[in-house]
Structures are given as C-alpha cells and as structure tokens.
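In what follows, a single structure is set out as structure tokens and then discussed.
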C-alpha cells in the first residue's frame, strides 16, 4: 500500500514523531486543563459541557473563573511577579553562563569533557537536596549568610530592595532568585556551549585583520553568531521558572508568591479544580503566545534577509 509506505517513510517519521510527542504530552493535557477550567464542578464530578435533551443541544461554558482572574488583584500581581522573577533569573543565568560557555568553547579539546562534567555534576544530586542546601547556607550562621554579612553585601542587597532587613537573606526575593539561578544555570550554559563550540574562528581572524579589537570582534561577530544559543538557553530557563513551585516554597516567603504556589493552593487547599485549571491555562498562554509570536517574526526576518 503506497500510503502506508509514505506514512512510515523516513521523512514522515522524523517529522511525525516530534509532532506526535507534542500532541500526546502537551496539547492533550492542555486541552484537558482547558475543559476543566470551563466546567462546573459538583463535589468531585464535572458536569458535561455538551448536553442533549428533548432535541436541544446545549454547550455550557463557565467563564467566571477567567473573569475572576482578571478582576482579582492577587492573581494579576502573582502573574507579574512570576514573570519578573523568571526574567531576572534568565538575565543572571545569561550573564554568568555566557562567559563560562565561552571559556569552555575556547578550552583545549581534551579539557572540554571535564568542564562539561563539572556543569552536569549537580544533576547527580537530588534537586530537593540542592535546594535544601541553599536553605541552610542562607539561614542565620550559614556559610553563605556569614560571608555576605561579613563583606557588607547585605547592605547593598537592602539598598537594591531584594531583602527586607540587614542580615535577613532567607524568604526574600534574593534567596528565591539565587536558588533559581543556581538550579537553572546549566540549562543556559549547555546550549551556549554547543553554539559557541561550532563558531568558525576564521571569522574572528578576519575581523582582526580588518582592524577590529578583540572586544569589538566579540560584540560584532561572536555575540550575533551565538544568538541561537542565547535564545535557546533563555527559553530553557525562563519557561520553567515562570511555573516554579519547589524553590519559591523552600527559599521564598509570603512576599515572593509565584503562580506555581497559587495553582497548588487552588488544587489541593481549596479543592477548586476549575479555578486552578484556569490559572494554569492563563499561565501557559502567557508563555506560549509571546514565544509563538517571537518565532513567527524571527522566521519572517530570516526570510527577508535571504
């Protein structure tokens, strides 16, 4: 059968398997969440959205949860705070990770596996243990706490508004962003290293021959050519940070409420699944829609540049 052979041909399999994965593990769960968010809940049972009775077909969608999200200041502030903390973490990971990835890409080939091992070494330890370790380090009399206070850096953090009092490092925006930066830094370094390692060094030599200083060559050649790695690393950091729950729960406090905690409370404390699903759907749309628009305009710019 020709259609059967075309269906399982190499090209169709390469294209179809990723799309099937996304359909099964992203689109289908998202549609289930969207269905629950517009459903009416009675105890532990959801009413059918589509009913047929006496020859009348009815579609019943409960949009009150979405209206409540837009009217309640708590949800709006939480969404904004989540985006701000995720953006701050992404910027810090980029500022720290880019020099490290650049150094790895320029290191001798025999040293690069060791450097890669050092980057991935934290993954050998439980995620919870690593976050709990920072809780001990930043608590009073912890090593990191004593070092920061001893150097007077807590005064700078207080002036920046990321801690509420001198010496109080835990349960603050500082501890939250520090924990997320430490956790997601490898997700920034690895894409950047993969991109920088493939950079053609002859382009830098050509820039030097044309009179460019090393700093100018870095900004005019290296950074533009590593844009794909910057975007990939930023997305790998920003997207999970927006919905992060464990780190804000352990290292954050009441003033660092993020949307992941709100979803948890709605699901398990309030037992309001439609409201929790609506919050989660809005969170996904806040991430997916700008990302899709960005990819669309980037593709158009690449087509225009050809």
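Laboratory data are not the source of any read-out in this text; all were calculated from the coordinates shown. Remember, it's a predicted structure, so these values are computed and weren't measured experimentally. Cβ sites come from the backbone with ideal geometry, for glycine too, and all protein chains shown count toward neighbours.
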Mean separation of Cα contacts under 8 Å, 6 or more apart, over the residue count of the stretch 1-141: relative contact order %: 9
Quick one: grab the alpha carbon gyration tensor of the chain, order the square roots of its eigenvalues as a ≥ b ≥ c, and give me rounded if a/c is under 1.5, else prolate or oblate depending on whether a/b is larger than b/c. oblate
A chain fully extended from residue 270 to residue 19 at 0.36 nm per residue, minus the present Cα-Cα distance, gains in nm 86.8 nm
How much length would be gained if the chain were fully extended between residue 51 and residue 156, taking 0.36 nm per residue of separation minus their Cα-Cα distance, in nm to one decimal? 31.7 nm
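Calculate the FRET efficiency for residue 70 and residue 129 from the Cβ-Cβ distance with a Förster distance of 25 Å, rounded to the nearest 0.05.
It comes to 0.05.
Give me the number: length gained by fully extending residue 41 to residue 212, i.e. 0.36 nm times residue separation minus the C-alpha to C-alpha distance, one decimal in nm.
Result for the pair: 54.9 nm of gain on full extension.
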What ranking do 189-196, 102-109, 133-140 get when scored by the average of other Cβ atoms within 10 Å per residue, highest first? 189-196, 133-140, 102-109
Could you compute the FRET efficiency for residue 61 and residue 298, with r as their C-beta to C-beta distance and R0 at 45 Å, rounded to 0.05? 0.85
